[in-house]
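To start, the structure under review is shown below, and the notes come after it.
Where a number appears in this text, it was derived from the coordinates with a stated rule and is not lab data. Computed from a predicted model, the values in this text were never measured in an experiment. Virtual Cβ from ideal backbone geometry, glycine too; neighbours counted across all protein chains shown.
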Amino acid sequence: MNNIINALLKNKYTTDDIIYLLSLKDENKLETLFQKSNKICEENFGKNVYLRGIIEFSNYCRKNCSYCGIRAENKKLLRYRIDEQNIIKLGINAYKDGFHTIVLQAGEDIYYDNKLLHIIKEIKKNVDIAVTISIGERDFEFYKKMKNAGADRFLLRIETTDKKLFKALHPDDNLNYRKKCLYNLKKLGYEVGTGIMVGLPGQTIKSIAEDIIFFKKFDADMVGVGPFIPHPDTPLFNTNQGSFKLTLKVIAITRLLLKNTNIPATTAMGTIHPKGREMALKAGANVIMPNYTPAKFRPLYKLYDNKICIFENAENCKICTNQIAERAGKKIVIRKGSRKAVSVK
Ligand code: SAH
Ligand code: SF4
């Protein structure tokens with residue numbers, strides 16, 4: 001077990017080493033794994049936890065990913081778009097509320113494409129905040145325009161690197177194109193985040209091991225991992241949710257391999273386990289992403305069932321987030337928290 005952990009730390013691992021760690025059941029061994037990943041996290045970030053305020057500005061989507069509650073074919077959902085001026089205001093207010101990073105996230109809603117350039121410019125002109133974009137796949141030219149407008153980071157989960165599984169889940173998408181988008185973003189100088197869902201129907205331990213190897217090979221600046229949670233109005237409504245323990249293991253192993261990458265304790269972790277985010281912070285995660293979407297829209301941005309924090313206001317989110325960090329023995333710090341400028345204080 002210790003040999004395997006050391007092999008990962010030295011970047012001399014095999015796929016079987018990762019499969020071994022993903023398959024661990026023994027509680028003592030798991031504890032050793034999580035202690036080690038927490039130690040590597042603290043060597044890189046101290047006890048600091050970074051915040052990213054997430055603004056879910058539209059639930060329109062042109063795609064039909066079969067796991068997702070806001071997929072185009074879900075006709076039961078009331079759709080919303082936050083208007084340009086209000087998104088700008090939210091970005092500026094987020095800074096005043098102590099967020100030095102915001103994530104502008106939406107379905108693949110091309111309605112905004114030109115508007116986004118203005119939104120990014122205005123936010124960056126008014127406040128010194130890192131702007132992360134998470135709007136799915138676009139061509140190189142549009143990613144370039146957003147970068148030139150001032151976007152700093154981009155989140156695009158690969159979801160799974162398993163070709164067959166990717167195809168089965170994405171009727172209107174293609175794994176090679178998604179990978180190409182990630183490499184384009186990198187080429188353009190974004191800090192790039194990717195990630196997967198754990199427990200997708202048909203996903204194997206071996207394919208998760210390969211996902212983790214992909215994170216390493218791509219050298220992701222951020223890795224977001226959460227359990228798959230079925231949504232009642234999707235084709236995957238009667239499947240099982242992903243395992244909490246397995247997701248924790250993915251976080252820990254990713255930390256051992258990528259060391260100083262940003263890893264969030266995701267909302268989906270908090271959704272399937274009452275101590276989910278706290279436990280993730282103790283197993284290698286160093287980021288929390290509180291919801292900064294106006295309360296009236298939150299229930300409509302339901303990617304999965306039972307999503308938490310839907311009825312909270314910004315103040316409650318702040319209190320709750322501080323408590324999560326404290327219970328994990330960490331502290332929230334107000335900074336951008338770029339991967340390339342890690343400083344432990
Ligand atoms: N449209 C953009 C961003 C919004 S979706 C995109 O697809 O990149 C953000 C993330 O939500 C997805 O990457 C996916 O990993 C996650 N997600 C969607 N449906 C989910 C579900 N049922 N359970 C858990 N996570 C889900
Ligand atoms: Fe749209 Fe993203 Fe959901 Fe896919 S995961 S349906 S692209 S919002």
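With the helix formula -39500 (n - 2.57) applied to DSSP H stretches of n ≥ 4, the chain reaches a computed 222 nm mean residue ellipticity of -13000 deg cm²/dmol.
Mean separation of Cα pairs under 8 Å and 6 or more residues apart, divided by the residue count, gives region 197-345 a relative contact order of 21 percent. The slack between L188 and R327, meaning 0.36 nm per residue of separation minus the straight C-alpha distance, is 46.2 nm.
Peptides 277-283, 31-37 ranked from most to least packed, by the mean per-residue count of other Cβ atoms within 10 Å: 277-283, 31-37.
Given a cut-off of under 8 Å on Cα pairs at least six residues apart, what relative contact order in percent is computed for the chain?
25
Peptides 210-220, 55-65, 311-321 ranked from most to least packed by the mean count of surrounding Cβ atoms within 10 Å: 55-65, 210-220, 311-321. Its relative contact order, with pairs defined as Cα atoms under 8 Å and 6+ residues apart, puts region 253-293 at 43 percent. Backbone amide hydrogens, once placed in the peptide plane, bring N262 within less than 5 Å of M222, V223, excluding anything fewer than 5 places away on its chain. Between K259 and N306, the simple label model (points 7 Å from Cα in the Cβ direction) yields a spacing of 3.9 nm. Peptides 121-134, 175-188, ordered by how many other C-beta atoms sit within 10 Å of their residues on average, highest first, read 121-134, 175-188. Put a dot 7 Å past the Cα of K25, heading toward its Cβ, do the same for E42, and the two dots end up 3.1 nm apart. Assign one of three labels to region 255-296, namely rounded, prolate or oblate, based on the Cα gyration tensor with a ≥ b ≥ c the square roots of its eigenvalues; rounded applies when a/c is under 1.5, prolate when it is not and a/b is larger than b/c, and oblate otherwise. Note, shape of region 255-296 comes out oblate. Amide H to amide H, with H built 1.01 Å from N, V198 comes under 5 Å of G226, F228, counting only residues 5 or more places away or on other chains. The amide H of A130, built 1.01 Å from its N in the peptide plane, has T101, I102 as neighbours under 5 Å, considering only residues 5 or more places off or on other chains.
Couplings for region 97-107, taken from phi via the Karplus curve 6.51 cos²θ - 1.76 cosθ + 1.60 with θ = phi - 60°, read 8, x, 9, 9, 9, 10, 10, 8, 10, 6, x Hz in order; Gly and Pro are left as x.
Note that region 133-142 has calculated 3J(HN,Hα) couplings of 10, 9, 10, x, 8, 9, 7, 3, 4, 6 Hz, one per residue in order, obtained from phi through the Karplus relation 6.51 cos²θ - 1.76 cosθ + 1.60 (θ = phi - 60°); glycine and proline are x. Can you tell me how the chain classifies by the Cα gyration tensor, rounded, prolate or oblate, using a/c under 1.5 as the rounded cut? Here the chain falls in the rounded category. Multiplying the residue separation of K275 and D97 by 0.36 nm and removing their Cα-Cα distance gives an extension gain of 61.6 nm.
Applying a threshold of 24 Å to the alpha-carbon distances of K186/K331; K275/K302; K76/K121; K186/K206 flags K186/K331; K76/K121; K186/K206 as lying beyond it. In summary, the aspartates and glutamates within cross-link reach of K296, defined as a Cα separation below 16 angstrom excluding same-chain residues under 8 places away, comprise E56, D83, E312, E315.
Here's the list of aspartates and glutamates a cross-link from K216 could span, going by alpha-carbon distance under 17 Å and ignoring same-chain residues fewer than 8 apart: D16, D17, E159, D162, E191.
In order along region 185-192, the Karplus-derived 3J(HN,Hα) couplings, from 6.51 cos²θ - 1.76 cosθ + 1.60 at θ = phi - 60°, round to 4, 4, 4, 7, x, 5, 7, 10 Hz, and Gly and Pro are given as x.
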